[in-house]
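Notes to accompany the following structure.
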Number of protein chains: 2
Amino acid sequence: VSSQRIVVVGADATGMSAASRAKRRAPEIQVEAYDLGRYVSYGACGIPYAVSGEVGRVEDLVVISPDRFREERGIEVFTRHLVERIVPAEKKILVRDLAAGRVKERAYDKLVFSTGAEPITPKGIDPGLEEVFFIRNLEDAQRLKSFLAERKPGRAVIVGAGYIGLEMAESLAKAGLRVQVTVRGERVLSSAEEEISSALAGELKRQGVELVTGAVPKATERPARGGVRLELMDGRELTADLLLVGAGVRPRSELAEEAGLKLGVKGAVAVDRLQRTSDPDIFSGGDCAEAYHRLLGRNTYVPLALGANRQGRVIGDNLVGGKSEFPGILATTVTKVFDLTAARTGLSLREAREEGLEAVKVVTKAPSRASYYPGSSPITTCLIAEKGTGRPLGAQMVGLDGVAKRIDIWGTALSAGLSLEEIGDLDLAYAPPYSPVWDPVLVTAGVALKKIS
Amino acid sequence: VSSQRIVVVGADATGMSAASRAKRRAPEIQVEAYDLGRYVSYGACGIPYAVSGEVGRVEDLVVISPDRFREERGIEVFTRHLVERIVPAEKKILVRDLAAGRVKERAYDKLVFSTGAEPITPKGIDPGLEEVFFIRNLEDAQRLKSFLAERKPGRAVIVGAGYIGLEMAESLAKAGLRVQVTVRGERVLSSAEEEISSALAGELKRQGVELVTGAVPKATERPARGGVRLELMDGRELTADLLLVGAGVRPRSELAEEAGLKLGVKGAVAVDRLQRTSDPDIFSGGDCAEAYHRLLGRNTYVPLALGANRQGRVIGDNLVGGKSEFPGILATTVTKVFDLTAARTGLSLREAREEGLEAVKVVTKAPSRASYYPGSSPITTCLIAEKGTGRPLGAQMVGLDGVAKRIDIWGTALSAGLSLEEIGDLDLAYAPPYSPVWDPVLVTAGVALKKIS
């Protein structure tokens, strides 16, 4: 380990967590990280709030600056550096300093491949138009914020209603724009249970955001009088001052593929439980790599921030001789859409059935607080459980109040393998301002027990 | 079972849950419940909010009226009825109808003893004074609310700073009174860890509530010019327009003792895991009885609403031939004190050490949301864990934001017997408005792991 050089390709949360952990464990090693962007170590999930103005400046999302990485952690971070090739046979990389234009070669003993994901550009959308925006990094956020400040756009079209699409709908509406959200099918957040989607659609409507369903992009163009026009396959046309794409992401794995690394699920870098790629000296994790799913017992592709950070720590241990195993994800997520919170953990009904499980869904509605206490409002829970055994497989919740950390009760229970009966017997916190005596989690476990057995 | 008569003595949450469950399981049985009070089935924990005016009327706390018990559940509820004797040898009770003045005899096949708890009157306080109040039932709340409306008191002294004392301090302050809270020692909520107590004391001060420490009551009297004067052992005197006692509760178990039932911890009715008393035909649970503690593996006395309800269901099953076991409590509680929330689950450091466990306390401070997101504020967590094994034994939290349901992550983990390592690996929900990437629970597990191992 002693004089090893570790090279981090892509300074995302995984890469920087790995670097920090490795350097803490073995201060004598040398760590250098290269990233294409201007910023590293920032809360990308905070972009919607920086755009809306709820968080003051985009730069406030930066957690640790490159200087602090250097000074406090002894990690060299090179921003605006494009790694052009990885040559595993010679254990070196070719990296271009974008400012200076020079390419240099750097040798590595171990490499961390953590290039993250990139937004998908749907067919028919021209990503080069000035009025077309993606939400990928802080530069994107800055460009959007400048555009809002300078052009004072009145109308936005958002293509896609996943997490980013929905959060940006709120963000742009709060920034004063009239917002239309387009979806290909009928539902927003189509990966969620229908009950969750319809609650979110209701909230969008209440907040004055228009949902355009069955909308398949055909072309974008810039009309003569300015703005952007989105033509749909069925002939409809939407015009706006800006168009924001939130159509999902894909792993940025081309460089890994060129280096001969094995790709796995959805083109993500294949990894084992130690976060090793097919090359024993190259580790990977985060949004460019597969993630081990605790309930599925195999790798999947669910790019999420906490998983990326946790994988980084595992890599950090293993870079310096450890044998840490990544325990896996439950694909737990939570999102705020105006006044509503939607959260999930574990499998959806569709995912469970695709796994060949005989799964059922139980839907409950229970108050977030004592029903007489101000602010009490119903939480809808969709519980997915295995028929016969009654084993809980996943939970989804939506409501105005008390959803975000309640989903973690389900997540903890799923991780621990608790039965519905054990969940129904949990001694959960009760006080009128926070919960009814029978918490929605307990109610749901009880109802599910009856329905399933 | 068929023509059995079940008599419920004391129509508290346990009694009415037991009655409802038994009747649902075996509709042919006859169930009658007797209670001294005017109201049954109400959210006593909501009283502070009904007094402050946050909940409109005291009667809004009633969940199910006696009429609805009769009509919808087939359960006869007799309010204002005092059970004067239980005669197990003859399987009968003597009950006085307080309105009519008559005493009648009723035979039972099975009896549920669920008389609840009663407030402790500290030595030196005259409970008969018009200006002295206890918070026990809806009648107490009504008397206090009328007093506030009619007398317009300006100052209140609260004796005791447990849950009721603290919640009523907020309640009376919100009702416009100047409030002094007296404690015998130095700390409020002295059952909690010191970090929690001092945060709560700080909040009281910030909100203009005066804390009077080292205050041992000697006498109460009514000065000539009205109001009430509390004389303390050290000679200090506090005067106010009303005095409210929140000095804890004790099990109302005299009647059970007279009937020959065995008493246990702190004079509470002794029960087994099936909630049977020492008489095989008499069940007990709720605030008059012992409660099985999951981590201690034995009975204790912790009167809490959810436990009382859960025990009621167990009794309901077992009244009609079931063999349900009460899985136990973790003594999980949460309380709102002005803007702060304090919550706990499991054992305190003192409790753990009293059990002979070599326990340590780890204290962390971590933000409730992404640090850049508005409303993010630090949560202080005290984690109690066993030295050597690292087994978590209890957790306490205090903060302005995100405490109430986060404690349930710890409670679920404690119930499931998760290790600190497993807790640190939980896939918890992250989004900037609700949590930092590393939730305070994960942070605390990580810090504790390092400190303990």
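Going through the range A:231-253 one residue at a time, which ones are among the charged types (D, E, K, R) and either in a loop (DSSP other than H, G, I, E, B) or within 26 Å of the chain's Cα centre (by Cα) (or both)? Please lay out each step first, then the result.
Residues of the range A:231-253 among the charged types (D, E, K, R): A:231, A:234, A:236-237, A:241, A:250, A:252.
Residues satisfying the conditions are A:Asp234, A:Arg236, A:Asp241, A:Arg250, A:Arg252.
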Requested in this report: Considering (1) touching a residue at least 60 places away in the same chain (Cβ under 8 Å); (2) at the interface with chain B (Cβ under 7 Å from one of its Cβ atoms); (3) more than 23 Å from B:Gly46 (Cα to Cα), say which one A:Leu418 fails and leave the rest.
Outcome: (1)
Query - Hits in the range B:356-375 (condition: under 30 Å from B:Gly208 (Cα atoms) and away from chain A (no Cβ under 11 Å)) - result: B:Val363, B:Thr364, B:Lys365, B:Ala366, B:Pro367
Report summary line: Among helices (runs of 4 or more DSSP H) entirely within the range B:339-453, at least 3 residues that are among the polar types (S, T, N, Q) and surrounded by 24 or more Cβ atoms within 10 Å (Cβ to Cβ) occur in none
**Report entry** Qualifying positions in the range A:169-188 - open to solvent by less than 10 Å² (accessible area, probe 1.4 Å) and either touching a Phe, Trp or Tyr at 6+ places or on another chain (Cβ under 9 Å) or closer than 12 Å to A:Arg155 by Cα (or both)
**Finding:** A:Ala169, A:Glu170, A:Ser171, A:Leu172, A:Val179, A:Val181
Query raised in the report: Does B:Pro378 qualify as being within 25 Å of A:Val334 (Cα to Cα) and more than 14 Å from every other protein chain (Cβ to nearest Cβ)?
Result: yes
Report summary line: Here the residues within the range B:36-64 that are more than 10 Å from chain A (Cβ to nearest Cβ), under 23 Å from B:Gly10 (Cβ atoms) and open to solvent by less than 10 Å² (accessible area, probe 1.4 Å) are B:Val40, B:Val58
Query raised in the report: For the range A:423-440, how many residues meet the condition of being more than 7 Å from every other protein chain (Cβ to nearest Cβ) and among the β-branched types (Val, Ile, Thr)?
Result: 1
Query raised in the report: Is there a residue in the range A:196-207 that is surrounded by 20 or more Cβ atoms within 10 Å (Cβ to Cβ), at pLDDT 95 or above, charged (D, E, K, R) and under 18 Å from A:Ala240 (Cα atoms)?
Result: no
Requested in this report: Kindly check whether there is at least one residue in the range B:309-319 that is part of a loop (DSSP other than H, G, I, E, B), surrounded by 19 or more Cβ atoms within 10 Å (Cβ to Cβ) and within 13 Å of another protein chain (Cβ to nearest Cβ).
Outcome: no
**Report entry** Candidates A:Lys152, A:Lys145 - the one that is open to solvent by 20 Å² or more (accessible area, probe 1.4 Å) and at positive phi
**Finding:** A:Lys152
Query raised in the report: If you scan the range A:113-136, which residues turn out to be open to solvent by 40 Å² or more (accessible area, probe 1.4 Å) and part of a loop (DSSP other than H, G, I, E, B)?
Result: A:Ile120, A:Thr121, A:Lys123, A:Asp126, A:Pro127, A:Gly128, A:Glu130, A:Arg136
Report summary line: A careful count of residues in the range A:254-288 that are open to solvent by 10 Å² or more (accessible area, probe 1.4 Å), in contact (Cβ under 8 Å) with a residue 60 or more places away in the chain and within 20 Å of the chain's Cα centre (by Cα) gives 1
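Give the range B:71-80 a look and list any residue that's touching a strand residue (DSSP E or B) at 6+ places or on another chain (Cβ under 6 Å) and either modelled with pLDDT under 95 or open to solvent by 20 Å² or more (accessible area, probe 1.4 Å) (or both), or say none. Lay out the reasoning, then the answer.
Start the filter on the range B:71-80 by keeping residues that are touching a strand residue (DSSP E or B) at 6+ places or on another chain (Cβ under 6 Å), which leaves B:75-78.
Hits for the range B:71-80 are B:Glu76, B:Phe78.
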Query raised in the report: Given (1) within 9 Å of chain A (Cβ to nearest Cβ); (2) of a type in the set (Gly, Ala, Ser); (3) free of Cβ contacts under 8 Å to residues at least 60 places away in the same chain, where does B:Ala395 come up short, assuming only one miss?
Result: (1)
Query raised in the report: What is the residue count in the range A:282-308 for residues that are touching a Pro at 6+ places or on another chain (Cβ under 6 Å) and either under 20 Å from B:Pro436 (Cβ atoms) or at the interface with chain B (Cβ under 10 Å from one of its Cβ atoms) (or both)?
Result: 1
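Which of the residues that make up the range A:1-29 are within 14 Å of chain B (Cβ to nearest Cβ) and surrounded by fewer than 24 Cβ atoms within 10 Å (Cβ to Cβ)? Outline the logic, then answer.
We begin by selecting, within the range A:1-29, every residue within 14 Å of chain B (Cβ to nearest Cβ); these are A:12-14, A:16-17, A:20-21, A:24-25.
Result: A:Ser20, A:Arg21, A:Arg24, A:Arg25.
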Query - Filtered residues of the range A:320-347 (kept if over 25 Å from A:Ile282 (Cα atoms), within 9 Å of another protein chain (Cβ to nearest Cβ) and among the β-branched types (Val, Ile, Thr)) - result: A:Thr332, A:Thr333, A:Val334, A:Thr335, A:Thr341, A:Thr345
Requested in this report: Tell me, yes or no, whether the range A:348-355 has at least one residue that is more than 23 Å from A:Gly328 (Cα to Cα), within 24 Å of the chain's Cα centre (by Cα) and away from chain B (no Cβ under 14 Å).
Outcome: no
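Condition first: in contact (Cβ under 8 Å) with a residue 60 or more places away in the chain and touching a strand residue (DSSP E or B) at 6+ places or on another chain (Cβ under 9 Å). Now tell me which residues in the range A:293-309 satisfy that. Please lay out each step first, then the result.
Just the residues of the range A:293-309 that are in contact (Cβ under 8 Å) with a residue 60 or more places away in the chain, to begin with: A:294-295, A:303, A:305, A:308-309.
A:Arg294, A:Leu295, A:Pro303, A:Ala308, listed by residue number.
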Query - 2 or more residues in contact (Cβ under 8 Å) with a residue 12 or more places away in the chain, closer than 23 Å to B:Leu319 by Cα and within 27 Å of the chain's Cα centre (by Cα): qualifying strands (runs of 3 or more DSSP E) within the range B:62-111 - result: B:75-78, B:81-87
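Listed residues B:Thr381, B:Thr335; which is within 24 Å of the chain's Cα centre (by Cα) and under 21 Å from B:Leu428 (Cα atoms)? Don't jump to the end; show me each part of the working.
Values: B:Thr335 fails: under 21 Å from B:Leu428 (Cα atoms).
Going through B:Thr381, B:Thr335 in turn, the sole match is B:Thr381.
Let me confirm something: among B:Lys110, B:Lys104, which residue is within 15 Å of B:Val9 (Cβ to Cβ), surrounded by 22 or more Cβ atoms within 10 Å (Cβ to Cβ) and among the basic types (Lys, Arg)? Show your work before the answer.
Details: B:Lys104 fails: surrounded by 22 or more Cβ atoms within 10 Å (Cβ to Cβ).
Exactly one of B:Lys110, B:Lys104 is within 15 Å of B:Val9 (Cβ to Cβ), surrounded by 22 or more Cβ atoms within 10 Å (Cβ to Cβ) and among the basic types (Lys, Arg), namely B:Lys110.
The values are calculated or read from the model by the stated rules, or taken from the named source; none is laboratory data. No experiment lies behind these values; they were computed from the predicted model shown. Every residue, glycine as well, gets a Cβ built from its backbone with ideal geometry; the counts of neighbours run over all protein chains shown. Ligands, DNA and RNA are excluded from the accessible area calculation, which covers all protein heavy atoms including side chains. Shrake-Rupley method; radii C 1.70, N 1.55, O 1.52, S 1.80 Å.
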